[in-house]
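Worksheet: one structure, shown below.
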Amino acid sequence: MFERQDFGDAVETTPVVTIVAEDTACVAVEEVAIQEAWERVRRRLRAELGEDVFSSWFGRLELADIAGGVACLTVPTRFLKSWLEAHYTERLRVNCMAELPAPNGVMLSVRTVSRDAASGPRGEAGVLSRPAVASSAPAEAGLAARTGGSQAGEGDLVDACGTALDRRLSFLSFVVGKSNQLAFAAAERIAAAPAGQSPYNPLYLHAGVGLGKTHLLQAIAQEARRQGKRVAYFTADRFMYGFVAALKSQTALAFKEKLRGIDLLVVDDVQFIQGKSIQQEFGHTINALLDAGKQIVVAGDRLAGELEALDERIRSRLGGGLVVEVGALDEALRARILASRLEALHGAHPSFQVGPDVVAYVARVVATNGRDLDGAANRLLAHATLSGQPVTLETAEAAIRDLVRTREPRRVKIEDIQKLVATRYNVSRADILSERRTAAVVKPRQIAMYLSKALTPRSLPEIGRRFGGRDHTTVLHAVRKIEKAISEDRSLHDEVDLLKRMLQE
Ligand code: ADP
Ligand code: MG
């Protein structure tokens, strides 16, 4: 983004030039060709799915890289990622493989806030941009395969098995506080124990987004590797990808066989493991390794017992080992994490300095998680670099304003609810507003009414008016009916929950 000024107008038409150095002109040509191919993928998807579906689900999909013959695609939110995976994996794969030099398929990961912030205004067609390594990960020039600012691992490709590790995410750089000290202690013990002699097996870590699960898992894996243990580290994506690739290549050695020789298996974001056969394979793998006395470390965003997608026995095996929750970061811990991140940035950009008052202010207002603290640190750096001014409380406030703002819940409109629900259930918005009473229309209509009541401040009569002039008792009936159905039907519950999150993001 900084080069923009130097290149002047030319940048607008050939954005890719902004991110390559002079001596890499042929790389730029290749990237332009790839970008055109990516544009064709988008056109195909739009033609196949229609403008509505396309813009709902694919508008913010970007091609970040092609590595090892795999197209690495990114979306801005985890929700979008799981939605695309659940509904459009095959379509994406087929279209990408048809147009892109990506014979090995497709991988989806989540772009980080920091990357979005650092890559500047996004191009209409999803500009092929390199990750903002310069501003978000100064410490590791050697790790060119990194694809996400702070989200180490997700989307990385090293070899057919496992995920790259990010040296930055070590025990040393992990800041310990009340909410994570148990998890930290367990992680250190496991990493240090001689193979086969860990006191805690399996370890299941759970916590909300950005609270340090991936950081700890990476730290365990690296420390164990350093001690000569054989470690396999997977994100859920990577596990699924490896499994599918093994199936395709027909050398289909089960994962558990392939992993027979390792000492430690680490699996991150286990809640994203999807698909019946993959879940089974995951279950077999865990069982076989545990039975053979191998160490397993798994992280997820919920209690093991709540990993609905997994087989009951696996849930109880994961839940039966050491289970540790990482709690929310309190203000003091946030300040220390932020300070250590700023320190690292200062190392790479010596003129970039941030005073303790600004650190305290940012740690107070960015109250969510480590990922947002990373985002805030990157924004401060971008601001300081662009303006050439030292960071003050005022500039800090301006720099992170939109970060704080985007964290506020979005106001949901009834029209958006109707559109989304219609798209999801393959009916038109007009059907939802109509008098039609076929089951195919009634259910989505009731769900849309329920969501309108749940997510907007509108009254029942007002909602009735917005649904083709219906009576408020009809709306009430719909709300009650869906409430009841949700309480009885787990998959409907998840489905509606997904819609809610989508609308609020
Ligand atoms: P999760 O996997 O739980 O979503 P991450 O491990 O990706 O969270 O953490 C998000 C960001 O916050 C990372 O950059 C991570 O290094 C940082 N972070 C979280 N907790 C800590 C901590 N205790 N010390 C240092 N950095 C942390
Ligand atoms: Mg994580």
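The values are calculated or read from the model by the stated rules, or taken from the named source; none is laboratory data. The model shown is predicted, which means the values in this text are computed figures rather than measured ones. Note that each Cβ is placed from the backbone with ideal geometry, even for glycine, and that neighbours are counted across all protein chains shown.
Look through the stretch 364-379, keep the residues that are more than 16 Å from ligand 2 (Cβ to nearest atom) and within 14 Å of residue 211 (Cα to Cα), and return whichever of them is modelled with the highest pLDDT.
366
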Check: What number of residues within the stretch 386-403 satisfy the criterion of being surrounded by 14 or more Cβ atoms within 10 Å (Cβ to Cβ) and under 28 Å from the mean Cα position of the chain (by Cα)?
Finding: 5
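In the stretch 343-357, what residues are more than 22 Å from residue 211 (Cα to Cα) and not in a loop (DSSP other than H, G, I, E, B)?
Initial filter on the stretch 343-357 (more than 22 Å from residue 211 (Cα to Cα)): 346-357.
346, 347, 348, 356, 357 - these are the residues of the stretch 343-357 that are more than 22 Å from residue 211 (Cα to Cα) and not in a loop (DSSP other than H, G, I, E, B).
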Note to self: Looking for something within 12 Å of ligand 1 (Cβ to nearest atom) and either touching a residue at least 60 places away in the same chain (Cβ under 8 Å) or of a type outside the set (S, T, N, Q) (or both) - is there at least one such residue anywhere in the stretch 277-298?
What the structure shows: no
Notebook entry, point to check: Would you call residue 332 within 16 Å of ligand 2 (Cβ to nearest atom) and farther than 27 Å from residue 229 by Cβ?
Noted result: no
Notebook entry, point to check: Of the residues that make up the stretch 320-334, is at least one under 30 Å from residue 193 (Cβ atoms) and part of a helix (DSSP H, G or I)?
Noted result: yes
Check: Of all residues in the stretch 188-218, which are within 16 Å of ligand 1 (Cβ to nearest atom), surrounded by fewer than 24 Cβ atoms within 10 Å (Cβ to Cβ) and free of Cβ contacts under 8 Å to residues at least 60 places away in the same chain?
Finding: 188
Check: within 16 Å of ligand 1 (Cβ to nearest atom) and more than 24 Å from residue 90 (Cβ to Cβ), is that true of residue 270?
Finding: no
Note to self: So if I check each of 319, 327, 300, 305, which one is in contact with a helix residue (DSSP H, G or I) (Cβ under 9 Å, 6 or more places away or on another chain), surrounded by fewer than 14 Cβ atoms within 10 Å (Cβ to Cβ) and within 30 Å of residue 177 (Cβ to Cβ)?
What the structure shows: 305
Next item on the list: Could you grab me the full set of residues in the stretch 279-300 that are under 22 Å from residue 222 (Cα atoms) and charged (D, E, K, R)?
Entry: 294
Margin query: Anything in the stretch 207-245 that is within 11 Å of ligand 2 (Cβ to nearest atom) and over 14 Å from residue 273 (Cβ atoms)? List them, or say none.
Written below: 207, 208, 209, 210, 211, 212, 213, 214, 215, 216, 217, 218
Item checked: Conditions (1) more than 16 Å from ligand 2 (Cβ to nearest atom); (2) touching a helix residue (DSSP H, G or I) at 6+ places or on another chain (Cβ under 7 Å); (3) assigned to a helix (DSSP H, G or I); (4) modelled with pLDDT of 90 or more; number of the one not met by residue 340 -> (2)
